[in-house]
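Student: Take a look at this one; I'll ask things after.
The values are calculated or read from the model by the stated rules, or taken from the named source; none is laboratory data. Please read all numbers here as calculations on a predicted model, not as lab measurements. Quick reminder, even Gly has a Cβ in these numbers, built from the backbone with ideal geometry, and neighbours come from all protein chains shown.
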Amino acid sequence: MDVPADPDEALAHAVQALYAVPAAEFVATRTALARELRGARHRDAAKELTGMRKPSVSAAAVNALVRAEDPVVDRLVELGGAMRQATSALDGRALAALRTDRDELLRDWVRAAAEHAGGPLTPSVEAEVRDTAVAALADADATEVVTSGSLTRALSYSGFGEVDLADAVARTSTGVVLTRIEGGRVDGEVGEDEAAELEEDVDEPEEEDELEGDGDEDDEVQDEEELEDEEDDHLDVDDLEMELDEAEKVVAAARAERRRRVRAETDAADRVEEAAAEVARAEELVRSAQEQLSATQQALKEAQTRLTAAQDDRADAEETLRAARDRRDEARVALEEAEDA
């Protein structure tokens, strides 16, 4: 990779290259890119890059789909905006009319993810890819994360509140989401003419370069020592990566259980929505359909009872998820300490 002179730009390009590779090649690619950044004197950028999370299999499939600029991505953004608008307006009829489009989009989304991932996806991975699209349809921030091309884990939506985006996307130390580079260029990237001017400016102070030569040699020695230290720690880092992967498997299992319970809750929420629509239609015919209104209200009460039970199950799943995250965080801290050593 040709490393840009600007450290922020160099980091953005490195992240773009990092999250474009299959999940199996992520760790080796991250190590190689960090070495290139250090060789270009971008030590802070290299440190940030080494802290980037390895994407899950489902997240890598979504990243491949987004980076391929498949038309289904634009459909997701457009349909999500329409669904959120209808939801905020409490427009049950509009939501019902969009349901067919949503179901068709989700089928196409999973199919396209498998295509761009380069092979068939397991049922559990397909479920995570689908759940990620559902979350993006429901939440604008989730849409930004999913379409960034640097997703690190699958998302899920319970039917209420905001989507949990913690540790779900590559970010800088300042919290900025690192998104894919459109047209091979990021915000703040200079064009060819600007680059030529910068090169001319850099080439002018030759005398200063000569005076600073000794310092550069010292920096080169320091960089070589850092690279040697990195190689010495490589095996330890690999071991910690394996431990982190195991911790993430536990997290994934907890998420799968939560998704099962969340789906039950979502189904109950859908029934509530359907029952509410029936109530709205019944209210238009209050005088001529009093019996139908009474039956629909009873269905709404039953659906709300099921929803309450599903929410209780979800609380248990979230407790399991929090415990799994704690174990994962401990593994990540150990990994960072080993990488910084």
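Student: Could you please tell me which pairs satisfy a Cβ distance under 6 Å, a separation of 6+ or placement on different chains, a first residue in segment 148-168 that is basic (K, R), and a second residue that is at pLDDT 90 or above?
Tutor: Final answer for the pair search is R153/S56; R153/A59.
Student: Moving on. Limited to segment 279-295, what total is found for residues that are surrounded by 15 or more Cβ atoms within 10 Å (Cβ to Cβ) and modelled with pLDDT under 70?
Tutor: 2
Student: Can you go through A5, A82, A32, A61 and tell me which one is assigned to a helix (DSSP H, G or I), over 17 Å from the mean Cα position of the chain (by Cα) and either crowded, with 20+ Cβ neighbours inside 10 Å or outside the structural domain of T147 (by TED's automatic domain parsing) (or both)?
Tutor: The unique qualifying residue is A32.
Student: Looking at R41, R93, R75, can you tell me which residue is in a helix (DSSP H, G or I), more than 22 Å from E128 (Cα to Cα) and not assigned by TED's automatic domain parsing to the domain that holds A341?
Tutor: On inspection, the qualifying residue turns out to be R93.
Student: Right, here's the next one. In segment 309-341, how many residues are hydrophobic (A, V, I, L, M, F, W, C), surrounded by 18 or more Cβ atoms within 10 Å (Cβ to Cβ) and more than 22 Å from the chain's Cα centre (by Cα)?
Tutor: So the count comes out to 1.
Student: If L37 satisfies all but one of (1) under 26 Å from A154 (Cα atoms); (2) crowded, with 23+ Cβ neighbours inside 10 Å, what's the number of the condition it fails?
Tutor: The single condition L37 does not satisfy is (1).
Student: Which condition breaks for L90 when tested against (1) buried (at least 23 other Cβ atoms within 10 Å of the Cβ); (2) over 19 Å from the mean Cα position of the chain (by Cα)?
Tutor: Answer for L90: the failing condition is (1).
Student: Quick check on segment 46-55. Is at least one of its residues in contact (Cβ under 8 Å) with a residue 60 or more places away in the chain, in a helix (DSSP H, G or I) and in contact with a helix residue (DSSP H, G or I) (Cβ under 7 Å, 6 or more places away or on another chain)? Let's see the steps before the verdict.
Tutor: Looking only at segment 46-55, we keep the residues that are in contact (Cβ under 8 Å) with a residue 60 or more places away in the chain, and these are 47-48, 50-55.
With in a helix (DSSP H, G or I) added as a condition, the list becomes 47-48, 50.
Going one step further and asking which of them are in contact with a helix residue (DSSP H, G or I) (Cβ under 7 Å, 6 or more places away or on another chain), we end up with 48, 50.
Yes.
Student: Looking at A24, is it under 22 Å from T147 (Cα atoms), in the same structural domain as A114 (by TED's automatic domain parsing) and either among the small types (G, A, S) or assigned to a helix (DSSP H, G or I) (or both)?
Tutor: In short, no.
Student: Also, I was wondering about something else. Please go through segment 310-322 and give me each residue that is touching a helix residue (DSSP H, G or I) at 6+ places or on another chain (Cβ under 8 Å) and not basic (K, R), ordered by number.
Tutor: The answer is A310, Q311, D313, D316, A317, E318, T320, L321.
Student: Could you tell me whether any residue of segment 93-115 is farther than 30 Å from A315 by Cβ and touching a residue at least 60 places away in the same chain (Cβ under 8 Å)?
Tutor: yes
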